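J.: Here it is, the structure, as structure tokens.
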Amino acid sequence: MVSLLLSVSFCCGLVIAVAHVLNRAFVAPVYDVVLNLTAFGAAVGASALLDHWVPALLSTGAIGCWIVLARRTLLARAG
């Protein structure tokens with residue numbers, strides 16, 4: 001049951017992150033990028049420690065999206 005709840009939670013976070021990436025006009029504030037990378041990093045760690053690999057993979061996908069968003073944010077601030 002824990003794995004299912006974690007999977008649903010992290011899947012929602014991943015869908016939100018993908019939607020932000022697809023919305024090319026979206027530029028995340030720096031604090032949003034930092035906090036989401038921290039939160040999903042902690043989620044990967046906690047899920048891995050609990051041997052819940054599906055939630056860990058979903059969170060890893062969200063981290064990938066937030067790295068793309070971090071790049072977009074840095075480029076927007078530089079330009």
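The values are calculated or read from the model by the stated rules, or taken from the named source; none is laboratory data. Keep in mind that what you see is a predicted model, and the values were worked out from it rather than measured. Note: ideal-geometry Cβ built from the backbone for every residue, glycine included; neighbour counts use all protein chains shown. The protein model used for the area step is the full one, side chains on, heavy atoms only, and it has no ligands, DNA or RNA in it. Shrake-Rupley method; radii C 1.70, N 1.55, O 1.52, S 1.80 Å.
J.: With θ taken as phi - 60° and the coefficients 6.51, -1.76 and 1.60, list the Karplus ³J(HN,Hα) couplings across segment 2-19 in order, rounded to whole Hz; mark glycine and proline as x.
T.: In residue order, the calculated couplings are 4, 4, 5, 5, 5, 4, 5, 4, 6, 5, 4, x, 5, 4, 4, 5, 5, 4 Hz.
J.: Given the options Leu14, Leu37, Leu49, state which has the largest fluctuation in a GNM of the chain using a 10 Å cut-off (strictly under) for Cα springs.
T.: Leu49
J.: Shifting gears a bit: Only one of the values (1) 17, 16, 11; (2) 30, 10, 9; (3) 26, 12, 8 was calculated from this structure for semi-axes √(5λ) of the Cα gyration tensor in Å; name its label.
T.: Label of the calculated value: (3).
J.: Right, another one. If r is the Cβ-Cβ distance from Leu49 to Leu75 and R0 is 25 Å, what FRET efficiency results, to the nearest 0.05? Provide the component values of the computation, followed by the final result.
T.: Working: r = 35 Å, r/R0 = 1.39.
Given R0 = 25 Å and the Cβ-Cβ separation, E is 0.10.
J.: If Val2, Val33 are ordered by their accessible area, calculated over protein heavy atoms with a 1.4 Å probe, which sequence runs from highest to lowest?
T.: Numbers: Val2 80, Val33 10 Å².
Per-residue accessible area, sorted high to low, gives Val2, Val33.
J.: Then there is this: Find the accessible area per residue for segment 1-78; the probe is 1.4 Å, ligands and nucleic acids are left out, and the unit is Å².
T.: Details: 4850 Å² over 78 residues.
Spelled out: the 1.4 Å probe surface of segment 1-78, per residue, equals 62 Å².
J.: Further question: Just want to confirm a number: the relative contact order over the chain, from Cα pairs under 8 angstrom separated by 6+ residues, in percent. All intermediate terms of the calculation are to be shown ahead of the outcome.
T.: Working: 68 pairs, mean separation 34.8, N = 79.
Relative contact order for the chain comes out at 44 percent.
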